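Every read-out reported here was derived from the displayed coordinates using simple, explicitly stated rules and does not represent laboratory data. The structure presented is a predicted model; accordingly, all values stated were derived computationally and were not measured. Don't worry about glycine lacking a Cβ; one is built from the backbone with ideal geometry, like all the others, and counts go over all protein chains shown.
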Amino acid sequence: MRKVLMGNHAATLGAVLARAQVVAAYPITPATQVVELIAEMEAKGEFSGRFMRIESEHSAMAALLGAASAGARCFTATSSQGLAYMHELLHWVSGARLPIVMVDVNRALAAPWNLWTDQTDSLSQRDTGWIQLYCATNQEVLDTVLQAYKIAERVQLPAMVVLDGFTLSHVYEPVDVPTQEQADAFLPPWDAPRRLDPAAPAGFGAMEGPKGYMRLRKRLALDMERAEDETERAGAEFGREFGRDYGVIETYRTADADTVLLTSGAVGSTAKQAVDELREAGRKAGVVRVRLFRPFPAKTLRRVLRQGQKVAVVDRNYSQGQQGIFCEELKAAMYGLPERPEIYGYVAGLGGGDITVELLKEIWLETDSGKASALEPAWMEDPR
């Protein structure tokens, strides 16, 4: 069934179709409508799970920690300061190997106070052990929530599905919504291998010494690495079921491209139009959109980006004292290879600034002409 949905409601329907059993949340702009709709559906008897009204984001994740430990399929949504408030519990959830799925609607972090989008909130959680998937359309939001459960449950790690605040969250687009039967065929019920059970007492989250802790961290690291292949696998399975394939990255007109824009989130869609216009002007332009950020898809990007190619990384985020985060991750992934592309960093759109077709074309032309610096990020603003 095709519906016209805002991105937030696409995320909601993904969680409902996944048969989430426990939802705990505290509302925060611009993610409020994700859980608000679930609350409305529960009141109408259209959501069979349990919706928990919690007094804070920290408490919401603590509640899900308990519910997931008991074997429930869990879901929540948040943004910005709310995600930052959850930070301590994110480590607890990943360390406990609980496949909770959370939607983060990107919003800039204070101060100063800001309601608009950039990715610093989700990317500041990149070391917490959560898989991170970035969406470019509302269709992808719904589809990715379903896939996130399959990936998370296969590797027993939590997953964060990320979409741009307002740019996707509050914008309406046509979305193909699967039937419940189709969703069930793709995503079977979760059968937790370990769970709280009074009939079989066990310890959870107990004290561990240095040797045991090291071994558990290594096991977590290996399973996080495995999530890259599992993301490809889940995307291919989804494609066979629904006709929409997904991978860890998306490429567009890159086969013969001299210079490539590397993007993430909704900017990836805008970049396609910029590339089409550059191609019409005789320029060999292409786009690589990174969909999976954690684990970082290094082996896939090494295969796609080639020596002699210039890559302009457009970061809607910034790591203070360093550079754009996708740029630094890409440079690290390519370091040490005897043959690698030239990488240039650009920071744009912080706090909701527009990243337009014109701005992306300007970035591409500066990189292609050799005027860009490979050492320092360039801060770019749309002139209008």
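Tally Lys/Arg at +1 and Asp/Glu at -1 over every other residue whose Cβ is under 14 Å from the Cβ of Ile38; what's the total?
+1
With a point put 7 Å past each Cα toward its Cβ, work out how far Glu36 is from Gln81 in nm, to one decimal.
1.8 nm
Kindly give the semi-axes, whole Å and largest first, of the ellipsoid equivalent to the stretch 228-384, taking each as the square root of 5 times a Cα gyration tensor eigenvalue.
Each semi-axis is √(5λ); the values are 23, 18, 17 Å.
When DSSP assigns beta bridges and you keep just the ones with both residues in the stretch 249-380, what percent turn out antiparallel, to the nearest 5? Don't jump to the answer; show the numbers that get you there.
On the way: 4 of 22 bridges.
Expressed as a percentage, antiparallel bridges in the stretch 249-380 total about 20.
Just to be sure I understand, if you calculate Rg and Dmax of the Cα atoms in Å for this structure, which of [x] 20.5, 70; [y] 21.6, 100; [z] 22.7, 73 do you get?
[x]
Rounded to the nearest 5, what is the percent of antiparallel bridges among the DSSP beta bridges in the chain?
Expressed as a percentage, antiparallel bridges in the chain total about 20.
Multiply the residue gap between Lys331 and Leu375 by 0.36 nm, knock off their C-alpha separation, and tell me the result in nm, one decimal place.
14.8 nm
Show me 352-361, 310-319, 255-264 ranked by packing, highest mean number of other Cβ atoms within 10 Å first.
Top of the packing list down: 310-319, 255-264, 352-361.
Listed here are the pairs Lys150/Lys218; Lys284/Lys331; Lys284/Lys371; Lys310/Lys361; Lys218/Lys310; which of them are more than 26 Å apart at the Cα? Present the calculation step by step, with values, prior to reporting the outcome.
On the way: Lys150/Lys218 22 Å; Lys284/Lys331 23 Å; Lys284/Lys371 17 Å; Lys310/Lys361 14 Å; Lys218/Lys310 35 Å.
Over 26 Å apart, Cα to Cα: Lys218/Lys310.
Give me the distance in nm between label points sitting 7 Å out from Cα along the Cα-to-Cβ direction at Ala255 and Glu46, one decimal.
4.4 nm
The stretch 13-81: which trypsin sites (Lys or Arg not before Pro) are DSSP loop and have at most 12 other beta-carbon atoms within 10 angstrom?
Lys44
What full-extension length gain, to one decimal in nm, is calculated for Glu241 and Ser59 as 0.36 nm per residue of separation minus the Cα-Cα distance?
In short, 61.8 nm is gained.
Kindly state, to the nearest 0.05, the FRET efficiency for Arg194 paired with Arg303, given R0 = 41 Å and r defined as their beta-carbon distance.
With R0 = 41 Å, the Cβ-Cβ based efficiency is 0.70.
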